[in-house]
Amino acid sequence: SGQIQIDFDLPNVDANSSTDITGEKIDLGEQEEYADNKDKLEGLTDVAVLGKFVNNGTSAINVEVWMTADTTSYDAEAALKADPTAKKVWGPFSLGAAGTPTATRIVDWDESAALFTSAGKTALLAEAKGDGRFTIYAIGSSGSYNFSVLNGVVVLVLDIGI
């Protein structure tokens, strides 16, 4: 057996509960290494969401990452959560209010790995073994929020049989 690593660079995004949220569509089939090895996929070894998270609002917030099992274009948190395929896959973690030392956080591999939920890993593996297309969203876990994700990357490490 072996492993392959699939990296997806994410565009810089803003998540704002009073205006809109933004999802990033992911198609594993666009990655040559995944396409070449999909039939040998055995498991998900590790997964990470990396990047710089910045709270632009005046209150401390918690950040979560959700996934839908299809390519979706929700612009409101309520519509996202109403989707029966939507699952929280990561988080929450806290950001302090804008202007405080804890308002910005660079999430590294170890911290990100600890934030993934068991259900999130299961859902991502199901997508990797299925059609390989899904959408991820970064949202606040409650109340009003306004934050940015800069230089984000989603990384999947997949086990394959040889």
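Rule-based calculations on the coordinates, nothing more; no lab input. Keep in mind the model is a prediction, meaning the values are calculated, not measured. All Cβ positions, even for glycine, are placed from backbone atoms using ideal geometry, and neighbour counts span all protein chains on display.
Could you tell me which of the pairs K52/K121; K40/K121; K40/K129; K40/K87 are separated by over 20 angstrom between their Cα atoms in the structure shown?
Details: K52/K121 22 Å; K40/K121 18 Å; K40/K129 9 Å; K40/K87 26 Å.
Violating the 20 Å limit, Cα to Cα: K52/K121; K40/K87.
Would you mind calculating the relative contact order of the stretch 3-87 from Cα pairs under 8 angstrom and at least 6 residues apart, reporting the percent as a whole number? It would help to have the intermediate numbers written out before the result.
On the way: 51 pairs, mean separation 29.0, N = 85.
Rounded, it is 34 percent for the stretch 3-87.
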Using the Karplus equation 6.51 cos²θ - 1.76 cosθ + 1.60 (θ = phi - 60°), what ³J(HN,Hα) coupling, rounded to whole Hz, does each residue of the stretch 60-68 give in order, writing x for Gly and Pro? 5, 9, 10, 10, 10, 10, 10, 9, 10
Explain nothing, just compute: Karplus ³J(HN,Hα) = 6.51 cos²θ - 1.76 cosθ + 1.60, θ = phi - 60°, for every residue of the stretch 89-103 in order, whole Hz, x for Gly and Pro. 10, 7, x, x, 9, 9, 10, x, 4, 3, x, 9, x, 9, 6
The set of residues whose placed amide H lies less than 5 Å from the amide H of I26, leaving out same-chain residues fewer than 5 positions away, is F134, T135, I136
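Grab the alpha carbons of the stretch 63-152, take their convex hull, and tell me the volume per residue in Å³.
Working: hull volume 9.9 nm³, N = 90.
Spelled out: Cα convex hull of the stretch 63-152, divided by residues, is 110 Å³.
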Roughly how big is the chain's charge dipole about its Cα centre, with Cβ charges of +1 (Lys, Arg) and -1 (Asp, Glu), in debye to the nearest 20? 540 debye
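Dipole size in debye (nearest 20) for the stretch 67-162 around its Cα centre, Lys and Arg Cβ +1, Asp and Glu Cβ -1? Spell out each step's value before the answer.
Values: 7 positive and 10 negative charges, 29 e Å.
In debye, rounded to 20, the stretch 67-162 gives about 140.
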Angle in degrees between helix 118-129 and the longest Cα principal axis of the chain, rounded to the nearest 10: 50 degrees
Using only helices, what value at 222 nm comes out for the chain when you add -39,500 (n - 2.57) per DSSP H run of length 4 or more and divide by the total residues, to the nearest 500 deg cm²/dmol? -5000 deg cm²/dmol
If the viscosity is 0.692 mPa s and the temperature 37 °C, what translational diffusion coefficient in µm²/s does Stokes-Einstein give for the chain when Rh comes from Kirkwood over Cα pairs? 205 µm²/s
Dipole of the chain, positive end: most advanced residue of P101, L80, A128 [Cβ charges, Cα centre]: P101
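Under the definition of Cα pairs under 8 Å and six or more residues apart, what whole-number percent is the relative contact order of the chain? Let's see the in-between values first.
On the way: 393 pairs, mean separation 77.8, N = 162.
After rounding, I find 48 percent.
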Expressed as a whole-number percentage, the relative contact order of the stretch 51-132 with C-alpha contacts under 8 angstrom and at least six residues apart is 38 percent
For K81, go through the aspartates and glutamates and keep the ones whose alpha-carbon is under 17 Å away, minus same-chain ones fewer than eight residues off. D20, E24, E64, D70
